Amino acid sequence: MLEILPLPALKDNYIWLLKHSEREHVAIVDPSEAEPVFDYLNDNKLTPAAILITHHHWDHVGGIPALTECYTIPVITPALEEVQGSTRKAAENDSIDLQEIGCCLSVLDVPGHTAGAVAYYTDEFVFSGDTLFTAGCGRMFEGTAPQMHTSLSKFKALPDTTKIYCGHEYSESNLRFASTVEPDNTAVQTRQEQVSELRKQSRPTVPTTLALEKQTNPFLRCEEPSVIRAATEYKQAELNQPHQVFAALREWKDNF
Ligand code: ZN
Ligand code: FE
């Protein structure tokens, strides 16, 4: 059995720890800072086995220097991005065998938020970084709308039961936008209530499942008539392709 534990870091980042339930080793996903990781590992007598990085932004790699000063472990980073301390590059179709954890991860290239962003997945879960968020997606800092739309389609092709572990706690603001795009979407309304309850107790709203995201995430719903209608109204232009609907939504959200 695998366990995935959240370590809240910085303002709203999540560092994820991937652990075999009966072993002491963990993989560390996107260590924005080292301190919460050191604390958790020491308190729980755990040993790091690897660091996995989804993209080069400072709030995902900041902890690498301090962690690798203490532990000699592989640092797996996107093939197309420069990350200090990298020991292994990961790209689509690679498999990353984490033997100490008893888990083999596959890699997806998901450019758009950054030019070389990757996601790590199994048939049960995915670490989506800042590409796919709960009820939203990342800003396009280094990519185009068609690229980002294609990347999101790769997530959409995973099994519906896939649990999505993203890089930030953004559910509340993302759902505010989702409910503006689709005011009549009852799945969004229900999810908003759950999320607001969880956040009142300072609990994470991540992970979600792909099934839930397909119902509540406007960026995964670019082919739904209600979303097409809202995006068309926002742009005041005819949007013929799903990636044009996506681009309109992303622009709308950037100005929301
Ligand atoms: Zn980022
Ligand atoms: Fe980030």
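Which members of segment 193-214 meet the condition of being buried (at least 20 other Cβ atoms within 10 Å of the Cβ) and not hydroxyl-bearing (Ser, Thr, Tyr)? Outline the logic, then answer.
Restricting attention to segment 193-214, the residues satisfying the condition of being buried (at least 20 other Cβ atoms within 10 Å of the Cβ) are 195, 205-208, 210, 213.
Val195, Val206, Pro207, Leu210, Glu213 - these are the residues of segment 193-214 that are buried (at least 20 other Cβ atoms within 10 Å of the Cβ) and not hydroxyl-bearing (Ser, Thr, Tyr).
Let's see how each residue does on (1) at positive phi; (2) without any contact (Cβ under 8 Å) to a residue 24 or more places away in the chain; (3) part of a strand (DSSP E or B); (4) out of contact with any His (no Cβ under 8 Å at 6 or more places or on another chain):
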{"residue": "Val107", "(1), (2), (3), (4)": "no, yes, yes, yes"}
{"residue": "Tyr120", "(1), (2), (3), (4)": "no, no, yes, yes"}
{"residue": "Gly143", "(1), (2), (3), (4)": "no, no, no, no"}
{"residue": "Lys154", "(1), (2), (3), (4)": "no, no, no, yes"}
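Kindly provide the set of residues from segment 1-31 that are within 16 Å of ligand 1 (Cβ to nearest atom) and in contact with a Phe, Trp or Tyr (Cβ under 8 Å, 6 or more places away or on another chain), ordered by number.
Going residue by residue through segment 1-31, those that are within 16 Å of ligand 1 (Cβ to nearest atom) are 9-16, 29-31.
Hits for segment 1-31 are Asp12, Tyr14, Trp16, Val29, Asp30.
Return only the number of the condition from (1) more than 23 Å from Lys154 (Cα to Cα); (2) in a helix (DSSP H, G or I) that Arg250 does not satisfy.
(1)
Go through segment 89-105 and report how many residues are farther than 16 Å from Leu2 by Cβ, over 18 Å from the mean Cα position of the chain (by Cα) and part of a loop (DSSP other than H, G, I, E, B).
Step one: list which residues in segment 89-105 are farther than 16 Å from Leu2 by Cβ, which gives 89-94.
From the residues that got through so far, the ones that are over 18 Å from the mean Cα position of the chain (by Cα) too are 89, 93-94.
Okay, now just the ones that are also part of a loop (DSSP other than H, G, I, E, B), so 93-94.
Going through segment 89-105 one residue at a time, the tally reaches 2.
In segment 161-182, is there at least one residue being buried (at least 17 other Cβ atoms within 10 Å of the Cβ), away from ligand 2 (no atom under 16 Å from the Cβ), more than 21 Å from Asp12 (Cβ to Cβ) and not hydroxyl-bearing (Ser, Thr, Tyr)?
So far as segment 161-182 goes, yes, one or more of its residues are buried (at least 17 other Cβ atoms within 10 Å of the Cβ), away from ligand 2 (no atom under 16 Å from the Cβ), more than 21 Å from Asp12 (Cβ to Cβ) and not hydroxyl-bearing (Ser, Thr, Tyr).
Sort out which residues of segment 102-143 are under 24 Å from Ala187 (Cα atoms), among the acidic types (Asp, Glu) and either away from ligand 2 (no atom under 13 Å from the Cβ) or at pLDDT below 95 (or both), and write them in order of number.
Glu124, the sole residue that qualifies.
The values are calculated or read from the model by the stated rules, or taken from the named source; none is laboratory data. These figures come from a predicted structure and were not determined experimentally. So basically every Cβ, Gly included, is an ideal-geometry build from the backbone, and we count neighbours across all protein chains shown.
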